[in-house]
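Encoded as structure tokens, the structure appears first; notes follow it.
The values are calculated or read from the model by the stated rules, or taken from the named source; none is laboratory data. The model shown is predicted, which means the values in this text are computed figures rather than measured ones. Don't worry about glycine lacking a Cβ; one is built from the backbone with ideal geometry, like all the others, and counts go over all protein chains shown.
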Amino acid sequence: MSGPVEVRQVSEYVWEIPKTGPMLVPGRIYADRAIMDQLLAEQPKAEWNALLQVRNVACLPGICRFSLAMADIHPGYGFPIGGVGAFDAGEGIVTVAGVGFDCNCGVRAMRTGLSRREVEARKAELAEALFRGVPAGLGSEGDIRLNRREVEDLLRTGARFVLRRGLGIEEDLEYIEENGCIAGAEPANVSEKAKQRQFRQVGTLGSGNHYIEVQYVDEIHDGEAARAYGLALDAVLVAVHTGSRALGHQIGTDYLPKLKRASERYRLPVRERELVGAPIGSPEGREYISAMCCGINCAFANRQAIGHLARRCVSGVFGIPPESVRLLYDVGHNTAKFERHRVDGAERLLLVHRKGATRAFGPGSPDIPAAYRDVGQPVLVGGTMGTCSYILRGTPAGMEETFGSAVHGAGRLKSRTQALREYRGERVVAELRARGILVRSHSLRGTAEEAPGAYKDVTAVVDVMEGAGVSRKVARLRPMICVKG
Amino acid sequence: MTYRYLDHTADAGIEATGATPEEAFAEAARAMIGLMVRGGDAPGGGEVGIEAAAPSLEELLVEFLNELLAQQGLRGLVFTGCRVREIARTADGWRLSAAARGASPAALDGRLGQEVKAASYLGLSVGEREGAWTVRCVVDL
């Protein structure tokens with residue numbers, strides 16, 4: 001099985017890599033013609049390309065129905081970014097490539113109760129408060145200092161740990177995926193080094209594509225869902241994009257060689273070096289899953305801490321009670337989670353890997369907050385600091401076709417080196433300021449790498465998912481302030 | 001001794017060369033450090049010993065780069081340079097000894113770039129051809 005990957009169009013927005021050779025299932029990619037043309041054009045140029053990665057994932061034991069990629073697909077490590085792979089809990093495997101080094105990186109969105117007009121009047125003040133109030137950038141440290149025992153408590157209890165420290169309100173937990181704490185976390189399977197790296201990292205944003213953004217609703221696409229989510233035109237939200245910080249990075253680093261050895265031991269078909277894993281029920285597989293769950297809880301705790309710091313900033317600038325800034329939802333996009341899905345008429349327990357893909361459960365799911373159960377789960381899709389973001393909702397079709405998954409962002413179009421050749425950080429900041437968007441960044445170089453032009457058109461990406469019926473647009477959000485690490 | 005960055009849509013590929021494995025590994029470290037901070041050492045910076053071991057030279061490269069990331073995090077530093085003292089065979093593979101120089105993030109204000117999350121196995125290779133060693137890997141940003 002070598003040479004370029006062949007694709008055939010199934011419908012307007014769905015493409016298939018037919019099952020050939022060692023593939024156990026077909027590949028399925030959600031894309032329009034332009035996105036697919038870009039993927040096909042990359043094939044001969046890049047030794048690592050996303051279509052090949054979709055095909056490689058399709059060869060892994062226990063994969064169920066399809067190796068999937070959402071419309072924000074681009075090359076990752078072993079798994080494509082935007083990739084979804086669901087593996088039978090009995091016969092399948094867990095792979096570190098399907099989670100990545102930033103375990104449970106995700107997005108939190110909070111309603112401020114303020115209007116665009118109110119925030120415009122004090123925008124610079126709020127930007128400064130967020131820039132000063134939330135530790136961000138390379139090497140930054142949080143105010144929460146933990147010891148080993150406390151880190152282990154955090155890994156078991158997730159967002160609640162932070163809440164107990166006074167960072168948050170009880171209601172927050174209801175609006176976090178898994179209520180901010182996934183079961184199965186075992187801190188004993190997380191290395192001492194990983195724990196130590198987290199002693200001063202809780203409540204830090206990080207750098208790269210992580211951000212805090214103040215946004216306003218500029219379009220409502222689905223009135224019923226918008227009402228359920230508490231969204232109205234010109235309503236201002238604060239969004240946070242970050243993950244499990246150094247602890248998550250170290251878990252990935254620690255388990256990569258362990259799972260490489262496990263792949264050899266269990267003779268798994270490793271078609272790309274990073275695509276290593278272990279049978280879900282094996283000692284190595286169980287150990288990694290329990291460590292990964294610690295990483296998931298660490299990310300929930302981190303977003304809870306940052307969310308509350310941002311809430312305090314809004315409260316301080318506008319003189320409103322902190323609790324009036326209410327959590328809309330918090331959902332990850334780098335996870336592997338046990339979920340029950342109907343497959344060919346029968347319910348099956350699957351380990352669903354989402355690498356750069358957001359869980360997007362449809363109406364009626366018991367796993368989403370009661371307030372959203374009639375319309376489906378909010379799906380938070382980060383765009384770029386110069387364009388827009390979206391809130392989507394999960395659909396029944398998504399539950400059938402993508403194991404309840406959708407896109408997580410615009411998806412990069414240009415490499416960071418290409419972005420640095422084309423953009424200057426100062427220029428990006430000035431251009432966005434001229435358009436009314438305030439960018440505060442700890443690294444101008446990082447700002448250039450994250451320039452809006454380095455990303456795909458997020459509207460085209462969410463339109464693909466809507467066109468395919470996998471998720472529905474609820475609201476479009478325009479940026480007002482972007483704080484970068 | 002030199003390094004260059006290879007295009008990777010989301011992250012950064014590194015290719016480094018040297019007359020010896022030590023030189024090539026040190027260049028790879030320089031390339032990774034170059035993503036995080038511009039310019040040379042900062043005044044008042046300290047030196048940190050780095051040790052790594054792995055079954056193969058390829059895995060040693062990943063272990064080494066990841067140990068650099070771990071140590072700078074644990075010590076609250078950002079590394080600005082690295083010297084590889086020795087790469088040697090052991091009974092069960094390879095070991096590396098190096099020294100990294102770094103400074104506090106505050107001392108490097110205005111020079112900082114992206115945080116590197118980890119070095120990966122993607123595109124990983126270590127090879128020697130006509131007396132020149134070339135190493136490659138992709139790091140996650």
Notebook entry, point to check: How many residues are small (G, A, S), farther than 25 Å from A:V343 by Cβ and in a loop (DSSP other than H, G, I, E, B) when one looks only at region A:370-411?
Noted result: 4
Margin query: Quick check on my filter: what residues within region A:308-336 are more than 21 Å from A:F161 (Cα to Cα) and part of a strand (DSSP E or B)?
Written below: A:N334, A:A336
Check: Among the residues of region A:371-422 satisfying the criterion of being acidic (D, E) and under 27 Å from A:F66 (Cβ atoms), which is surrounded by the fewest Cβ atoms within 10 Å (Cβ to Cβ)?
Finding: A:E400
Notebook entry, point to check: Does B:R30 satisfy the criteria of being basic (K, R) and away from chain A (no Cβ under 13 Å)?
Noted result: yes
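This table checks each residue for (1) outside any loop (DSSP other than H, G, I, E, B); (2) over 26 Å from B:D92 (Cα atoms).
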| site | (1), (2) |
| --- | --- |
| B:G13 | yes, yes |
| B:A26 | yes, no |
| B:M32 | yes, yes |
| B:A42 | no, yes |
| B:E47 | yes, yes |
| B:A52 | yes, no |
| B:E59 | yes, no |
| B:E63 | yes, no |
Margin query: Name the single residue that is farthest from the chain's Cα centre (by Cα) among those in region A:417-442 being farther than 24 Å from A:P75 by Cβ and within 12 Å of another protein chain (Cβ to nearest Cβ).
Written below: A:G425
Next item on the list: Quickly run through region A:228-247 and pick out the residues that are in a helix (DSSP H, G or I) and closer than 18 Å to A:D330 by Cα.
Entry: A:A228, A:Y229, A:R245
Checklist line | Which numbered condition A:G76 misses (of (1) within 30 Å of A:A232 (Cβ to Cβ); (2) within 12 Å of chain B (Cβ to nearest Cβ)) | finding: (1)
Checklist line | Subset of region B:95-141 [more than 25 Å from B:A10 (Cα to Cα), away from chain A (no Cβ under 14 Å) and among the polar types (S, T, N, Q)] | finding: B:S97
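For (1) closer than 30 Å to A:G362 by Cα; (2) within 14 Å of chain B (Cβ to nearest Cβ), each residue gets a yes or a no:
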{"site": "A:A397", "(1), (2)": "yes, no"}
{"site": "A:T402", "(1), (2)": "yes, no"}
{"site": "A:G409", "(1), (2)": "yes, yes"}
{"site": "A:A451", "(1), (2)": "no, yes"}
{"site": "A:V470", "(1), (2)": "yes, no"}
{"site": "A:V474", "(1), (2)": "yes, no"}
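Right, B:G49: at pLDDT 95 or above and away from chain A (no Cβ under 13 Å) or not? Write out each step before concluding.
Numbers: at pLDDT 95 or above: yes; away from chain A (no Cβ under 13 Å): yes.
Taking the combined requirement at face value, the residue satisfies it.
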Next item on the list: From A:Y288, A:Y266, A:Y229, grab the single residue that is closer than 27 Å to A:A185 by Cα and touching a Pro at 6+ places or on another chain (Cβ under 9 Å).
Entry: A:Y266
Item checked: Hey, A:K414 within 14 Å of chain B (Cβ to nearest Cβ) and touching a Leu at 6+ places or on another chain (Cβ under 9 Å) or not -> no
Margin query: On the basis of being touching a strand residue (DSSP E or B) at 6+ places or on another chain (Cβ under 8 Å), of a type outside the set (A, V, I, L, M, F, W, C) and more than 9 Å from chain B (Cβ to nearest Cβ), does A:H241 make the cut?
Written below: yes
Notebook entry, point to check: Got at least one residue in region B:76-88 being surrounded by fewer than 19 Cβ atoms within 10 Å (Cβ to Cβ) and either of a type in the set (S, T, Y) or within 11 Å of chain A (Cβ to nearest Cβ) (or both)?
Noted result: yes
